[in-house]
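Colleague: This is the structure, below, for whatever I ask next.
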Amino acid sequence: MAGTILENMSTKKLVIVGVTLLLFQAIAFMVGGLIAPSPTIAVHYLASKCVDMVKHRQGAKWFMPWGPNQCDKIRTFDEAMAKKIEANNIVFAVHMPMPNKEMSPWFQYMRVILQFDIAFKVYNQTEDEVMVYFDAGLAYRDDKVSEWTEMARSVEKRKLNCNFIAAKTVENEGRYYECDLLPFMEVGSVAHKYYLLNIRLPVNERKKINVGIGEIKDIRLVGIHQNQGFTKIWLSMKTILTPSILIIMIWYWRRITLMSRPPVLLEKVILALGLSMTFINIPVEWLSFCLNWTWMPLFGEIRMSIFYSTLLSFWIIFCGEHLVDQTERNRFSVYWKQVGSIVFVSLCYFLLNMYKRGVQHTNPFYSIWVSDEGTKLSVAFIIVAGTCACLYFFYLCYMVFRVICNISGRMSPLDMSKANPHTHHEGPVFRIRFLMLATLICAAMTVIFFIVSQVYESQLYWSNHWLQVNTAFFTGIYGMWNLYVFAIMFLYAPLHHNTDQKERVASGF
């Protein structure tokens with residue numbers, strides 16, 4: 001595009017701009033690698049076994065595992081049998097966080113994973129893929145003396161997969177099964193200081209409820225939440241980058257509107273890219289410190305879906321508008337197949353997350369991973385989405401290759417013409433080549449980030465292997481997106497307000 005800063009700014013100034021952007025990119029990686037802690041932290045809890053001897057209790061009673069009003073507890077189930085305490089009278093209680101600590105809105109969310117300690121008994125073995133039923137309740141309070149307020153209560157079931165690696169003989173009685181982790185609960189905000197979980201395992205032999213689950217010794221839970229230090233770094237980056245992108249976007253569009261012609265397609269798409277980046281940047285998470293917005297994870301998925309679809313569509317149109325042999329330029333209908341496919345996949349991504357997050361907004365004990373159908377659907381989506389992302393990247397490589405070849409082909413006759421020295425055209429051509437390669441690098445990192453983030457979020461539910469992702473990866477990619485959008489809006493802004501429309505349309509760049 002003629003008349004843009006990319007073509008008309010001096011090479012020296014462009015080098016300064018490029019070096020400055022690379023410096024900020026390095027800072028984004030270093031902030032995550034040297035300053036910010038790990039994105040998440042895991043806290044291990046052992047449930048206390050409280051005794052509730054009231055069979056038909058009116059209203060909910062909350063059992064505290066420790067403190068001045070702690071419940072009557074037993075240490076082992078052998079003690080319960082000696083005291084003739086039935087399984088239906090045992091309540092597993094977990095207080096979060098640990099004693100003398102407090103939860104904080106800095107944690108952003110709270111995810112709980114459950115695991116059973118089950119001892120092998122010859123005459124009470126754990127059946128294969130048996131269903132275990134929970135009667136679970138979650139309560140909260142903001143001081144140590146007030147009553148607990150119920151937040152959620154639900155009866156849920158999970159498939160129990162346990163493996164006993166030793167021989168199932170009398171000699172090996174008392175050894176423990178190796179049981180899979182079970183998704184148990186997820187809360188979208190941490191607005192209160194203290195949380196209390198009460199879990200019952202009701203037994204009904206007539207209805208086959210919790211029959212064949214073996215001899216449970218203990219229940220262990222792992223509470224996972226966002227690291228407070230990481231949240232501070234993340235929100236600080238958002239707070240700084242929001243006005244930066246907003247200012248350059250306003251400046252860019254102002255220069256476009258001062259032109260003597262209407263905006264062309266590429267200029268409109270660049271504006272859409274800036275709007276989607278601003279939508280991602282706005283640090284609405286600050287509001288979670290004063291408002292209990294449990295739908296924040298769902299809102300985050302909506303923002304990411306919009307950004308992904310806009311960014312991927314932009315790259316298609318960006319490359320297409322630079323193909324000098326393309327006869328139908330500045331028409332959105334030319335790209336309807338590619339953009340339609342991107343929007344369709346993004347919509348599927350959004351609907352799946354709406355299904356997962358939407359139900360959890362009202363029932364934090366719900367999980368799409370508890371059923372075979374839900375697990376297969378989620379894993380299949382991760383595989384299909386990753387495959388589509390890779391295919392998209394290969395297609396984008398093909399388009400970038402065509403752009404570079406077309407520009408090189410257009411430049412060759414200029415080199416051979418003595419009347420038109422090639423040095424006048426070589427600068428813009430080289431700059432567009434370099435920008436295309438930078439776009440390709442940004443696209444590759446985005447595809448990698450998408451695949452890794454999907455695996456990182458869901459690995460607890462379908463894999464026993466733990467993928468560790470360095471904080472620098474998150475801050476670096478996030479910084480890269482902002483710097484790329486900033487650079488595109490700056491470089492493709494008109495240099496002169498009175499640039500003629502015909503000159504821009506006739507140009508091959």
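Colleague: Which is farthest toward the positive dipole end of the chain among ALA36, ILE383, ILE316, measuring Cα position about the Cα centre, with Cβ charges +1 (Lys, Arg) and -1 (Asp, Glu)?
Modeller: ILE316
Colleague: Using +1 at the Cβ of each Lys and Arg and -1 at the Cβ of each Asp and Glu in the chain, identify which of SER244, THR294, LEU437 lies farthest towards the dipole's positive end.
Modeller: So the residue we want is SER244.
Colleague: Determine the sum of side-chain charges near ILE5: Lys and Arg each +1, Asp and Glu each -1, restricted to other residues whose C-beta is under 12 angstrom from that of ILE5.
Modeller: Here the count lands on +2.
Colleague: Follow-up question, since we're still on this one. Mind checking the full-extension length gain between HIS44 and THR362? Use 0.36 nm per residue of separation minus the Cα-Cα distance, one decimal, nm.
Modeller: Extra length from HIS44 to THR362 when fully extended: 111.9 nm.
Colleague: Sorted by average packing, counted as other Cβ atoms within 10 angstrom per residue and highest first, what order do 18-24, 262-268 take?
Modeller: 262-268, 18-24
Colleague: Going by C-beta contacts inside 10 Å, put ARG158, ARG75 in order with the fewest on the left. It would help to have the intermediate numbers written out before the result.
Modeller: Numbers: ARG158 21, ARG75 9.
The order, fewest Cβ neighbours first, is ARG75, ARG158.
Colleague: A further question on this structure: Which aspartates and glutamates have a Cα less than 19 Å from the Cα of LYS49, not counting those fewer than 8 places away in the same chain?
Modeller: Here the aspartates and glutamates satisfying the reach criterion relative to LYS49 are ASP72, ASP78, GLU79, GLU86, ASP117, ASP135, GLU215, ASP218.
Colleague: When you take every Cα atom in the stretch 108-192, what is the radius of gyration, and what is Dmax, the widest Cα pair distance, in Å?
Modeller: 17.5, 51
Colleague: Helix by helix through the chain, keep the DSSP H runs that span 27 Å or more along the axis on Cα and average at least 0.0 on Kyte-Doolittle, and give those back in order. Before the final figure, lay out each step's value.
Modeller: Numbers: long enough: 11-30 (28 Å, 1.74); 228-257 (43 Å, 0.63); 296-321 (37 Å, 1.07); 336-362 (38 Å, 0.37); 372-416 (66 Å, 1.00); 423-462 (59 Å, 0.86); 471-491 (30 Å, 1.44).
Going by DSSP H runs, the hits are 11-30, 228-257, 296-321, 336-362, 372-416, 423-462, 471-491.
Colleague: Tell me the mean residue ellipticity at 222 nm calculated for the chain from its helices only (DSSP H runs of n ≥ 4, each -39500 (n - 2.57), averaged over every residue, nearest 500).
Modeller: -16500 deg cm²/dmol
Colleague: Below 19 Å, Cα to Cα, which aspartates and glutamates can LYS12 reach? Residues fewer than 8 away in the same chain don't count.
Modeller: GLU426
Colleague: Here's a follow-up. Given +1 on the Cβ of Lys and Arg, -1 on the Cβ of Asp and Glu, and no further charges, what dipole in debye does the chain carry about its Cα centre, rounded to the nearest 20? List each step's numbers first, then the result.
Modeller: Details: 48 positive and 38 negative charges, 179 e Å.
Magnitude of the dipole: close to 860 debye.
Colleague: Something else now. Return the ratio Rg/(2.2 N^0.38 Å) for the chain, where Rg is computed over Cα atoms only.
Modeller: 1.24
Colleague: On to the next question. I want to check the label-to-label distance for SER10 and ASP135. Put each point 7 Å from Cα in the C-beta direction and report it in nm to one decimal.
Modeller: Going from the SER10 label point to the ASP135 one covers 8.1 nm.
Colleague: Follow-up. State the extension gain, in nm to one decimal, for the chain segment bounded by ARG220 and ILE165, taking 0.36 nm per residue of separation less the distance between their alpha-carbons. Please list the in-between numbers first.
Modeller: Details: separation 55, 0.36 × 55 = 19.80 nm, distance 2.05 nm.
Extending this stretch completely gives an extra 17.7 nm.
Colleague: What is the fewest-to-most order of GLU129, GLU301 by other Cβ atoms lying within 10 Å of their Cβ? It would help to have the intermediate numbers written out before the result.
Modeller: On the way: GLU129 10, GLU301 18.
Final ranking by Cβ density, sparse to dense: GLU129, GLU301.
Colleague: Hey, in the chain, which Cys have no second cysteine's beta-carbon closer than 4.7 Å?
Modeller: CYS290, CYS319, CYS348, CYS388, CYS390, CYS397, CYS405, CYS442
Colleague: Quick check: pseudo-label points 7 Å beyond the Cα along Cα→Cβ at GLN228 and GLU86, how many nm apart are they?
Modeller: About 4.5 nm separates the two model spin labels.
Colleague: Which distance in nm do the two modelled labels at ASP128 and VAL145 give, with both placed 7 Å along the Cα-to-Cβ direction?
Modeller: 5.8
Colleague: Another question about this same structure. What list do you get for VAL112, VAL334 if you sort them by fewest beta carbons within 10 Å? Working shown, then result.
Modeller: Numbers: VAL112 25, VAL334 18.
Least to most surrounded, the residues fall as VAL334, VAL112.
Colleague: Over all directions, the average projected area of the alpha-carbon convex hull for the stretch 44-226 comes to how many nm²?
Modeller: 11.4
Colleague: State the answer as a single residue: which of ALA191, SER146, VAL222 lies farthest towards the positive end of the charge dipole of the stretch 44-226, with beta carbon charges of +1 for Lys and Arg and -1 for Asp and Glu, about the Cα centre.
Modeller: Going by the Cα projections, it comes out as SER146.
Laboratory data are not the source of any read-out in this text; all were calculated from the coordinates shown. Since we're looking at a predicted model, the values are computed, not measured. Glycine gets a Cβ as well: all are built from the backbone with ideal geometry, and neighbour counts include every protein chain shown.
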